[in-house]
1. So, in nm, how far is label ASP313 from label TYR45 when the simple model puts each one 7 Å beyond its Cα toward the Cβ?
2. Report the residue, chosen from VAL310, VAL224, VAL355, that carries the largest GNM mean-square fluctuation when the chain is represented by alpha-carbon nodes joined by springs under 10 Å.
3. Nearest 10 degrees is fine. How inclined is helix 50-59 to the longest principal axis of the chain, computing both from alpha carbons?
4. Anyone know which of SER131, SER49, SER21 comes out most mobile in the 10 Å Cα GNM of the chain?
5. When each pair of different Cα atoms in region 227-308 is counted once in the 1/r mean, what is the Kirkwood radius in angstroms, to one decimal?
6. Round to the nearest 10 and give me the degree value, 0 to 90, for the angle of helix 145-154's Cα axis relative to the longest principal axis of the chain.
7. Quick one: go through region 97-113 and flag any residue whose amide nitrogen is under 19 Å from the point 7 Å out along the Cα-to-Cβ line of TRP63.
8. Place a point 7 Å from the Cα of VAL322 along the Cα-to-Cβ direction; which residues of region 141-160 have their backbone N under 19 Å from it?
Amino acid sequence: MGRAISKTGTIRALGAMSGTSLDGVDTAVVETDGQRIVGFGPSDYRAYSDQERSVLRSALGQWHGPDVDAAAELVTIAHAEALSEYEQIDLIGFHGQTLAHEPRGRGTLQVGDGKGLAQALGVPVVWDFRSDDVAMGGEGAPLAPFFHFACAKWIGATEPLCFLNLGGVGNLTYVDPSFEGPEAPGALLAFDTGPANAPVDDLMQARLGLPMDRDGVVARGGTVEMGALELFLAEPFFSRMPPKSLDRNDFAEMIGLVKELSDADAVATLTGMCAVGVVQGMEHCPKPPSRVLVTGGGRRNPVLMEMLRVSLDCPVEPVEAVGLDGDMLEAQAFAYLAVRVARGLPTSCPGTTGVQALVGGGVVSSVERKVTH
């Protein structure tokens with residue numbers, strides 16, 4: 001499956017992402033030299049079963065213990081299955097599953113055995129992308145912005161634009177493509193905007209036994225409770241200057257703000273909270289962006305997308321409008337970042353995570369050759 005990693009030229013990298021929505025493992029190939037995107041290869045998706053999702057959900061917010069061990073084993077096995085489907089891969093970028101994220105406290109925890117994957121697949125694996133950034137005073141998230149900068153160059157953008165990822169948590173990347181590289185001061189600003197799909201998914205699961213509000217059907221039938229929205233925006237997170245990041249469960253009390261509402265009104269209000277978090281976050285952009293390109297599952301929610309369109313002063317479109325794949329952008333990002341780590345290039349900077357200096361996070365696990373006598 002693997003080939004030797006060259007010091008220069010294009011590398012065929014395979015990235016894997018299992019996000020906070022706990023839906024499954026995205027895998028995607030990117031051909032890159034670690035700076036520019038040369039091309040995109042195949043991609044695939046390996047869904048988690050209801051039982052697997054339950055194991056992961058039981059470990060959320062924990063740092064150690066049997067639930068964490070069970071989640072780590074599950075994540076490693078699921079990724080081995082998903083990644084073994086590919087051939088002619090030089091390098092793998094393995095994000096793992098975030099269970100806890102507390103950058104100003106205990107750190108950040110992504111479970112999964114990158115070293116074991118390298119041995120099982122016979123390909124070098126880059127993993128543990130976030131710990132070095134947190135150790136140097138950064139938020140450890142978001143990490144996709146350096147890839148977003150490369151995407152802006154790939155699509156030929158000349159004006160500032162934003163990439164908005166609406167997964168379990170929302171995060172925004174402001175890109176000014178007039179700069180030569182992503183590490184230049186002013187080229188990037190990135191931060192989490194607030195909760196996105198996670199509170200809606202959790203409420204849908206708890207009340208209706210459904211994994212999500214598919215196509216925004218439930219939200220469309222409800223009314224946003226403005227009092228709950230005001231209480232939400234009073235959270236200290238929104239007064240903090242970026243860069244800043246969140247854990248999936250940081251806003252768990254949002255469910256409490258809507259507990260007296262009907263199903264439809266509760267889902268509409270939680271969807272509105274996601275939108276207003278983005279709108280408030282946009283105020284931090286150094287220049288008004290020419291457009292907002294939306295990735296992640298939220299782009300498929302027409303109610304959420306309409307809320308954003310009526311609230312923002314620029315076009316809001318799914319990333320497919322410029323030929324990118326919104327389902328695979330994060331998996332592609334970790335393929336791209338793996339090449340940067342392998343070549344000693346930075347993966348985050350003060351403008352993206354608030355880290356004190358340029359840092360290239362990640363552990364490289366090479367394939368250990370068995371010695372025979």
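The values are calculated or read from the model by the stated rules, or taken from the named source; none is laboratory data. Note that the coordinates shown come from a computational prediction; the quantities given were computed from them, not determined experimentally. Reconstructed Cβ throughout: ideal geometry from the backbone, glycine too, with neighbour counts over all protein chains shown. Heads up: the accessible areas ignore ligands, DNA and RNA and are worked out on the full protein's heavy atoms, side chains in. Shrake-Rupley method; radii C 1.70, N 1.55, O 1.52, S 1.80 Å.
1. Label at ASP313, label at TYR45, 3.6 nm between them.
2. Between VAL310, VAL224, VAL355, it is VAL310 that shows the largest mean-square fluctuation.
3. Here the helix axis deviates by roughly 90 degrees.
4. Checking each option, the largest mean-square fluctuation is seen for SER49.
5. Result for region 227-308 stands at 14.1 Å.
6. For helix 145-154, the angle is close to 80 degrees.
7. The answer is 97-112, whose backbone nitrogens lie closer than 19 Å to the label point.
8. The answer is 142-160, whose backbone nitrogens lie closer than 19 Å to the label point.
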